[in-house]
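Here is the structure we will look at, set down as structure tokens.
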Amino acid sequence: MAYYHILKERRTNLKLSIQDVSNQTRLAPQYIQAIEEHNLDVFSDDFSFVRYFVHAYCDAIGVNWQAIADEVDMDINEVAHQKDMALTMAQRRMVEQMASVQKKKSSTKKKKSWFQKHVSRTSSSLSTNQSQLIKVLVLIGIAGLCVLSVINFGLRAISNQKLQTQEALRQEQLSKKEQETNKLANQRQKAKEAAALVVEKISDETNVYQLSNIQSDVKKLDLSITLPTKSKITVTKDGETINDDTKVYTGTFTQSLELSENCTFEISIETYSDNSITIDGKEISFDKTDWQEGQPAVITLQVGKGNQKETEEYSQYDDSDYDYGYSDEYYGQEGDYTYDQNEYTEQTNDY
């Protein structure tokens, strides 16, 4: 299928009018119609613009320009060649017609009087000079046409070179924009990774995780638990239940965890069966080391320093203030609990 048929079929499939394409490409509607009808005589002044117009048309309706570029160039060259050949043939016919007219005039002879002969000789002399002048003018015209053809060819080459330069510049600008886009995408990805939540297992604790790198504008985290089997789930924040712990959940359990500066969340899965647990997309694994089948699976999430309330209340009591219930009376006075060797032996023999 010829390229101009491809363009027209693509436009009609997209349900676009010639005016719609004209608005997108800023090409006159008559040029778009001429391309689709293969009426390149419209571009008789300069065929070099046909390639640019077809390229712009392809970009507007999504046709691969590289696939038809060679065909367009061959077609333009063929049309230009045919036009040059037609011009040359027209010039040849004009010269031949002028020569035949002159030949007919010279072959027509009639008997003339002395006066007519005298006049004929005079007019013949003038006619010869006029014929030579016409030939000179014809040669000048042919030379002028050749010069115009050379100028037109040069202008066409310059125009093609200009279009190639513009296309190279456009490709360079597109390449720079693509590099900038990739660079910006990498920066955004790095920023996203830097701002991502960090979940770290506390080494000396079992199933206790520290949540860090939480951005200041993040007010809550999303908890998600897959449930292969039905199970009750209890989620507490600093010892207070924040979900319906009487409900039996199936499928996927989700819960928003409202954050505060220092808090601790505890998640209890009554019937654990290798559930997938994630917090804001981060996978959390359950360590079965101290867990037995049938027991709830408990995972603790600590934000900041966590809730240290119970620890602080316990630590406020010093060992020195605790009364163990013993007094000095139990031991007696200092030195009363020492025995003489003989006395100790005597007491031992009593048993």
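Place a +1 charge on the Cβ of each Lys and Arg in the stretch 210-308 and a -1 charge on the Cβ of each Asp and Glu, then give the dipole magnitude about the Cα centre in debye, rounded to the nearest 20. Show your work: numbers first, answer last.
Details: 9 positive and 16 negative charges, 26 e Å.
So the magnitude is around 120 debye.
Express the Stokes-Einstein translational diffusion coefficient of the stretch 207-267 in µm² s⁻¹, to the nearest whole number, given a Kirkwood radius over alpha-carbon pairs, 25 °C and a viscosity of 0.890 mPa s.
191
With a 1.4 Å probe and every protein chain left in place, tell me how much accessible area residue 20 has, in Å² to the nearest 10.
About 60 Å², rounded to the nearest 10.
Given a cut-off of 31 Å, name the pairs among 190/232; 192/237; 162/190; 190/220; 15/183 whose C-alpha atoms lie farther apart than that in the structure shown. Each step should come with its number before you reach the end.
Working: 190/232 39 Å; 192/237 28 Å; 162/190 42 Å; 190/220 22 Å; 15/183 38 Å.
The pairs that break the limit, which is 31 Å between Cα atoms, are 190/232; 162/190; 15/183.
Taking just the alpha carbons, could you work out the radius of gyration and Dmax for the stretch 154-251, both in angstroms?
Every Cα atom of the stretch 154-251 included, Rg and Dmax give 28.2, 89 Å.
Just the accessible area for residue 305, please: 1.4 Å probe, Å², rounded to the nearest 10?
Residue 305 has an accessible surface of roughly 150 Å² with all protein chains in place.
Could you give me the ³J(HN,Hα) list for the stretch 272-281, computed from phi with Karplus coefficients 6.51, -1.76, 1.60 and θ = phi - 60°, whole Hz, x at Gly and Pro?
7, 8, 6, 5, 8, 10, 10, 10, 6, x
Using the basic label-point model (7 angstrom from Cα toward the beta carbon), what is the residue 146 to residue 162 distance in nanometres?
2.8
Could you rank 273, 285 by how accessible they are, 1.4 Å probe, largest area first?
Most to least solvent-accessible, the answer reads 285, 273.
Let me have the relative contact order for the stretch 149-231, percent, based on Cα pairs under 8 Å that are six or more residues apart.
The normalised contact order for the stretch 149-231 reaches 15 percent.
Can you tell me the Rg and Dmax of the stretch 180-306, counting just the alpha carbons, in angstroms?
Over the stretch 180-306's Cα set, Rg and Dmax evaluate to 16.2, 57 Å.
Between residue 203 and residue 186, with labels modelled 7 Å along Cα→Cβ, what's the label distance in nm to one decimal, could you check?
3.5
Got a sec? What order do 57, 272 fall in by accessible area at 1.4 Å, biggest, i.e. largest, first?
The most accessible residue leads, giving 272, 57.
Under unit Cβ charges (Lys, Arg +1; Asp, Glu -1), what dipole magnitude, rounded to 20 debye, does the stretch 175-222 have relative to its Cα centre?
For the stretch 175-222, the charge dipole is close to 420 debye.
DSSP loop trypsin sites (Lys or Arg not before Pro) in the stretch 1-86 with at most 10 other Cβ atoms within 10 Å of their Cβ, which ones?
Qualifying residues, ordered by number: 15, 26.
Using only the alpha carbons, work out the radius of gyration and Dmax of the stretch 22-62 in angstrom.
That works out to 9.5, 28 Å for Rg and Dmax.
Just the number please: accessible area per residue for the stretch 1-105, 1.4 Å probe, all protein chains included, in Å².
On a per-residue basis, the stretch 1-105 sits at 63 Å².
The values are calculated or read from the model by the stated rules, or taken from the named source; none is laboratory data. What you see is a predicted model, and the numbers here were worked out from it, not measured in a lab. Cβ atoms come from the backbone with ideal geometry, glycine included; neighbour counts cover every protein chain shown. Surface areas here come from the heavy atoms of the whole protein model, side chains and all, with no ligands, DNA or RNA. Shrake-Rupley method; radii C 1.70, N 1.55, O 1.52, S 1.80 Å.
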